[in-house]
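Only one structure is covered here, and it is reproduced in the block below.
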Amino acid sequence: MSSLAVRKASAAAGTTPGTAQGPPLRRRIAFVPTVTLLIGAIYCLLPVAWVVIAATKSGSELFSTFTFLPGTGFTDNVTDLNAYRDGVYWKWMGNSALYAGLGALLSTVVSAFSGYALAIYRFRGRETIFNILMAGVLMPPVILAIPQYLLMAKADLTDSYASVLLPLVLSPYGVYLARIYAAAAVPGDVVEAGRMDGASELRIFTRIALPMMVPGLVTVFLFQFVAVWNNFLLPYIMLSDDEKFPITLGLFTLLEQGSNTPALYTLVITGALLAVIPLIALFLVIQRFWSLDLLSGAVKS
């Protein structure tokens, strides 16, 4: 009777007595996302690895050695990059820091005010304005580039720092993030309490709401900084003086000249590697704000 009961239980479980059970189906399914993420990580990191290794190669090694074999010319490449046109590369780097830093800061300020207003205040047309901003999020930047150039040309601002900075002040995506974060992080009761205490709307925003919104605004700043730092199309259309070029446009001009002077290829690759370092440094500095936000949320809960 006991052996018959064992057979019935095994049949009900879908297994055969004396055979090893395979891994559960759920574990097999969970393995698929891991493999997919691993493939995606390799796809994203492979170009980075190539740039890091190629920057160590001299001009002769770049086209004659194995792709992922490190070279011996990194210091010479950096020296040549510094000497190229009396260090114009660092001028481009400074321009990118100006465009990205000031543009991201102004965009974050505008996003903070706009997002807070759309989240806290109730007024006619609020949802219409927000829907228009959402349409701006879906609008490809290439569609807006030509109208922006025509506006700047009408105002006689082309080929100036302002022609690159002004179109970056309003970021629909930044306003969207600020509104979502303000609605979640700033309680309406706290705002009402500030009003009952006689505080002005500006004081409520700067002293109460703004500190609560800092982690979200840091995210807006980071996204906007990276977007402006990597921006190519807008400076390409607006600027003609290479002394005002950002790093993306400057490296592009070097790459174009490299078709006639192959020795410049090593400068382009080395410059591209050095151009990534400020973004990595910014991320490492800013991520502590997210950690503090998570810690404060854990303490409050």
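The values are calculated or read from the model by the stated rules, or taken from the named source; none is laboratory data. Predicted model only: the values in this text are computed from it and were never measured. Virtual Cβ from ideal backbone geometry, glycine too; neighbours counted across all protein chains shown. For accessibility, only protein heavy atoms count, side chains too; no ligands or nucleic acids. Shrake-Rupley method; radii C 1.70, N 1.55, O 1.52, S 1.80 Å.
A few notes on this one:
- Scanning region 84-142 for residues that are of a type in the set (Val, Ile, Thr) and open to solvent by 60 Å² or more (accessible area, probe 1.4 Å), we see that the one that is modelled with the lowest pLDDT is VAL142.
- Which numbered condition SER240 misses (of (1) closer than 26 Å to GLY59 by Cα; (2) of a type in the set (S, T, N, Q); (3) surrounded by fewer than 18 Cβ atoms within 10 Å (Cβ to Cβ); (4) at pLDDT 85 or above): (1)
- When LEU217, LEU166 are checked against the criterion of being buried (at least 20 other Cβ atoms within 10 Å of the Cβ), of a type outside the set (D, E, K, R) and assigned to a helix (DSSP H, G or I), LEU217 stands alone in meeting it.
- Pick from region 146-163, criterion outside any helix (DSSP H, G or I), within 19 Å of ASP242 (Cβ to Cβ) and not charged (D, E, K, R), ranking: least open to solvent (accessible area, probe 1.4 Å): SER160
- Scanning region 229-282 for residues that are part of a loop (DSSP other than H, G, I, E, B), hydroxyl-bearing (Ser, Thr, Tyr) and in contact (Cβ under 8 Å) with a residue 40 or more places away in the chain yields one hit, SER240.
- Flag for ALA182 being surrounded by 11 or more Cβ atoms within 10 Å (Cβ to Cβ), touching a Ser or Thr at 6+ places or on another chain (Cβ under 8 Å) and hydrophobic (A, V, I, L, M, F, W, C): no
- Meeting the requirement of 1 or more residues that are under 30 Å from TYR176 (Cα atoms), the helices (runs of 4 or more DSSP H) wholly within region 59-123 are 88-120.
- Annotation note: Cβ proximity below 6 Å between a residue of region 161-172 that is more than 17 Å from LYS91 (Cα to Cα) and a residue that is at pLDDT below 90 and not in a loop (DSSP other than H, G, I, E, B) (sequence gap 6+ or interchain) occurs for PRO172/LEU133; PRO172/GLY136; PRO172/VAL137.
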